[in-house]
Structures are given as structure tokens and as C-alpha cells.
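Only one structure is covered here, and it is reproduced in the block below.
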Amino acid sequence: MKGLFFALWMLVRRELLLAFRHRGELANPLLFFLMIVTLYPLGVSPEVDLLRRIAPGVIWIAALLAALFSLENLFRGDYEDGTLEQMLLGVYPVPLLVIAKILAHWLVSGLPMLLLAPLLGVLLAMPPAAIAAMELTLLLGTPVLSFVGAFGVALTLGLRRGGILLTLLVMPLYIPVLIFATNAITAASAGLPIEGQIYFLAAMALLALTLTPLAIAAALKISVS
Amino acid sequence: MTLEQFFDMGGYARYVWPSYGLALLVLGWNLFAALQKISQVKAQTRRHPARGSQR
Amino acid sequence: MWRFFHKLASPPYFYSLSGKFIPWLGALAALALLAGLYLGLVVAPPDYQQGQSYRIMFVHVPAAWMSLALYTFMAAVSAIHLIWNIKLADVMVRSSAALGASFTFIALATGSLWGKPMWGTWWVWDARLTSELILLFLYLGYIALVSSIEDRRVAARAGGLLLLVGVVNIPIIHYSVEWWNTLHQGPTVTRFDKPAIHLSMLTPLLVMMVAFKLFAATVILINARAEVLERERRSAWVKELEL
């Protein structure tokens, strides 16, 4: 299977190279993430106790939106220049190619969010225990956001104004992640155990990793036809 | 119960009747739309019948 | 039996068979509905705690049940379409979508109207209503996706895939929302689940359930017939029909 791993590695490399060619664009979702979080103290109240209470939800909702925002063009470039069709017709199993592509995407979108999030936590007066829990939930949750979001993107690939439709399609699927992630952070702030929530997030991450690539591959084939 | 009691629904009339009314209205609309659709398609098919083996 | 299903997938056979069934289904639905309304609004006694307002349950619960049942139906039939490429399967799914969304809407609206006298507010984030709201988004998402794709075949397959992913997620979403709700339990507990229900209240509920099912079957079949006729209007068997 040397050929397969090599191909996957090449794909990841290619994605990263392409991403870095448009370095400026990489920052957009991160700025979006930061902006949304900043809006809450401005729009609601800068009162520290309130911010601390709503911080888990604020950060995670901003993360959901930023993730979708960053995924919108995941397949578009390849779709438009025919590379996607080549991938679908090629010898390598499409679900694995999908995993490679999303992994590369996560490295330049999800991972930076993980690195930025503690700063946002400080902006929202989160205690250290909460910030630690937040990092863990983001680590487990952002891959789910990437995979499930990619499914929505694959499904709406050929459509104009797919962005709004994408949000409608994907949001219900994001809700379980949101619920368990925010609860884990809230519980951690109160010093309560968070194993249950973390296990659930881990289970969702595994489920997403194993099942969604099949659905994404099916959706890509449908969209390209 | 008396007719008056029936309409009053123990004081809850303004919750019970709109509930039933809304349900029947929405379901009725679905039925109406379905019947309208099929009569429209039938009318269309009558107006433009399929041509024979020329197709 | 398989031969029956195989025949059923043929448009002319489906068209004629459903044409025979629909009047009967419709009549039965009307009867059941009238019986259910009579039993629920007149015969059933008032509730000792909720008085007469509990009667909303007789539309709320069947509507909520149908909203979920139809979504599952749509997902299952979509799977059939995706696997065996039977066009009639897609027709059935499309014919059910608006009705399913309607049932969801009815469940939400009647739930709200039931909640106002009980809890004092028009909306409450209780687990069932919240799950129902998310189900509405799932329906609307399907309808929006299918209407935005021009190619009917592609739309059918994309929509079907979305339904399958949705149906897998429904238990996850439901469990998450239930769990979320127990954390934020308000002072009042939801009264939508009566643990032990008296027969005089159970009977109208069951009759209304049956009525809604029959009604749904009727409407879906009418929609499906219309769709089949429209898709096949250029074919020979339609020419033979006396319209």
C-alpha cells in the first residue's frame, strides 16, 4: 500500500502548499473568530461575571461560524478546474482522499483556532480551568466541525449562494457538539468532572472521522455528476 | 357538557381552539394543495396530450 | 411479495393502484378524524390538574409523532432510491416533505399554545420542543436543498443523502438536547409525558394518531400521483388514460 500513503501525503502537502500561497486568506476565519467574540462584550455587557458565564457559548458559537466560513471553499477550487473529477475517477479510495484533504484544512484552520482561543478566553475573563477545558473541547470538536461541515459543502458544491443554505443544513448537526463542549467548559469552571462530556465529544469525533468521509465522497460524486 | 361549556373550554378557549383551528387549517391546506396539483397536472396533460410514435 | 413491489415501482401500475386506494383512505381518515375530535373534545373528561387545556394534546402529540415518523419514512425511502435507483421512491419522498414540515410546525405551535397556560410563557426551551424545532430545520434544509438544485436526478440524490445523514443524527441530537435540558431544568417539569394515562384520554389520542396517519397516506399518495403523472405525461400509458 506504499502507493496509497504516498498519494495521501502528496495530497496533504499539495493542500498545505496551496493554502500557503494564499496566506492572507488563511487569517480571515481567525479574524472572524476574534471579531465575533469581541462583539459580545460590546453588544451585551462587559461585566466580568456575565462574560465568564456566557464565555463557553460565545467561543463555541464563534468557532462554529468561523469553521463554516473557512470550509466554504474547501472543494471549490478543485471543482472548478476539474481536479475534483480526476480525484473521483482515480484509483485511490475517495473517502481516504477526503480525509487527507480535511486534515490539511484542519491544520490551517482548526489548529490556529486552538492556538488563538486562549487569548479569546482571557478577553472573556475565563478562569484557567475553563480555558484548559475549552482547549480540550476544541481539540476534539473542531475536527467534527470540519468533517460535518465538509459534508454540507460537498452537498451544496454546484450551487450559487450555497453559503446560506450550507448554514441551514449544517447547524442542526453541529448542535450536539455545541451542547457538550459548552457544558464541559462550564462544568470545568465550577470544578466539576467533565469525563462524560469529553467521552461524548471523543465519540462524536471518531464517528465523524469514520463515517462522514463516506457520506462526503457520495455527496461529491452526486455534485459532480 | 353544555354547548357554552364546550366553547369556553374551562377558560382555556383561546388556547384550545386556535390549536385545533391551526392544525386543521394547515392540514387542510396540505390536502387542498395536493388536490389542486393533481387537477392541474391532469388539465395540463389533457391540453397537451403525448404525441404518438412520432416521438 | 417482491413481485408486488417490483410492479409497484412501475409508474402506470402505481398510478392506477393508488387511484383506487385514495378515496378509501380519505374516507377512513375523515371518519377517524371526526371520531377523534368527538372523543377528544366532548367525551374525554377534563384533567384534574390542567382542566380543559390538556385537550390540545390530542393534536399536539399525533402531530409531533407524525413529524418524526415522516422524516424517518423519507430517509428510509431515500435509501431505497439511492441503492436501487427507483424513481418512484424519490417521488414519494418529495410528496411527503411539505406535509412533514407542516406536522412539525403544528407540533411547535400547539406546543406553544399548550405551554402558555401551563407555564405562563409562549416558548419554553424544554427538551421536546427544542428537538422539534431542530427537526423543523432539518425538514426546511431538505426542502431548501432540493429546490435549489435544478437537475431533478441530482436533487433527488443529494436530498436523499442529506436525509440519511439527518436521520442518523436525530437520536444524537435528541439525546444531546434531553441532556442539555436536564441541566437547565426550570422550576416546572414538562407535562407532555403523562406517565399513566387514563383510557378515556388514551382512546382519543390513539384515534387521532390513526386519523393523522391515514390523512398523511392520502395526501402523500395524491401528491405522488400528481408527480408521476407530470413526469410521465409524454409516455404512452398516459395517452391511454381517460383524464
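Just to be sure before I move on: is A:G121 under 14 Å from the mean Cα position of the chain (by Cα), part of a helix (DSSP H, G or I), touching a residue at least 40 places away in the same chain (Cβ under 8 Å) and more than 11 Å from chain C (Cβ to nearest Cβ) in the structure I sent?
Answer is no for this residue.
Each row is one residue, and each column tells you yes or no for (1) surrounded by fewer than 24 Cβ atoms within 10 Å (Cβ to Cβ); (2) under 25 Å from C:V146 (Cα atoms).
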site: A:L159; (1), (2): yes, yes
site: A:A181; (1), (2): no, no
site: A:T186; (1), (2): yes, no
site: A:A218; (1), (2): yes, yes
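Surrounded by 19 or more Cβ atoms within 10 Å (Cβ to Cβ), of a type outside the set (G, A, S) and in a helix (DSSP H, G or I), is that true of A:P143?
yes
What are the pairs, 6+ residues apart or on separate chains, where a residue within segment C:166-185 that is more than 9 Å from chain A (Cβ to nearest Cβ) has its Cβ under 6 Å from a residue that is surrounded by 19 or more Cβ atoms within 10 Å (Cβ to Cβ) and not charged (D, E, K, R)?
Once the first residue is more than 9 Å from chain A (Cβ to nearest Cβ) and sits in segment C:166-185, its partners that are surrounded by 19 or more Cβ atoms within 10 Å (Cβ to Cβ) and not charged (D, E, K, R) give C:V167/C:A75; C:H174/C:S131; C:E178/C:A127; C:N181/C:A127.
Taking only segment A:157-176 into account, find how many residues are within 7 Å of another protein chain (Cβ to nearest Cβ) and over 18 Å from A:G141 (Cβ atoms).
4
Within segment C:41-51, is there a residue that is assigned to a helix (DSSP H, G or I) and surrounded by 14 or more Cβ atoms within 10 Å (Cβ to Cβ)?
There is at least one residue in segment C:41-51 that is assigned to a helix (DSSP H, G or I) and surrounded by 14 or more Cβ atoms within 10 Å (Cβ to Cβ).
Only residues in segment C:63-88 that are without any contact (Cβ under 8 Å) to a residue 40 or more places away in the chain count as the first member; pair them with residues that are surrounded by 19 or more Cβ atoms within 10 Å (Cβ to Cβ) and among the hydrophobic types (A, V, I, L, M, F, W, C), Cβ under 7 angstrom, at least 6 apart or cross-chain, and list the lot.
Hits for this filter: C:V77/C:A89; C:V77/C:M92; C:V77/C:V93; C:I80/C:A89.
Hey, can you tell me all the residues within segment A:60-112 that are of a type in the set (D, E) and in a helix (DSSP H, G or I)?
A:D78, A:E80, A:D81, A:E85 - these are the residues of segment A:60-112 that are of a type in the set (D, E) and in a helix (DSSP H, G or I).
Kindly check whether there is at least one residue in segment C:153-170 that is over 20 Å from B:P18 (Cβ atoms) and charged (D, E, K, R).
Yes.
Out of all the residues in segment A:183-206, which are under 23 Å from C:V165 (Cβ atoms), in contact (Cβ under 8 Å) with a residue 12 or more places away in the chain and over 15 Å from the mean Cα position of the chain (by Cα)?
Correct list: A:F200 only.
Specify the residue that is surrounded by the most Cβ atoms within 10 Å (Cβ to Cβ); the eligible residues are those in segment A:16-36 that are in contact (Cβ under 8 Å) with a residue 60 or more places away in the chain and within 17 Å of A:G121 (Cβ to Cβ).
My answer is A:F33.
Read the figures in this text as sums done on the coordinates, not as results from a lab. What you see is a predicted model; the values in this text were computed from it and never measured. Counting neighbours? That spans all protein chains shown, and the Cβs are built from the backbone with ideal geometry, glycine included.
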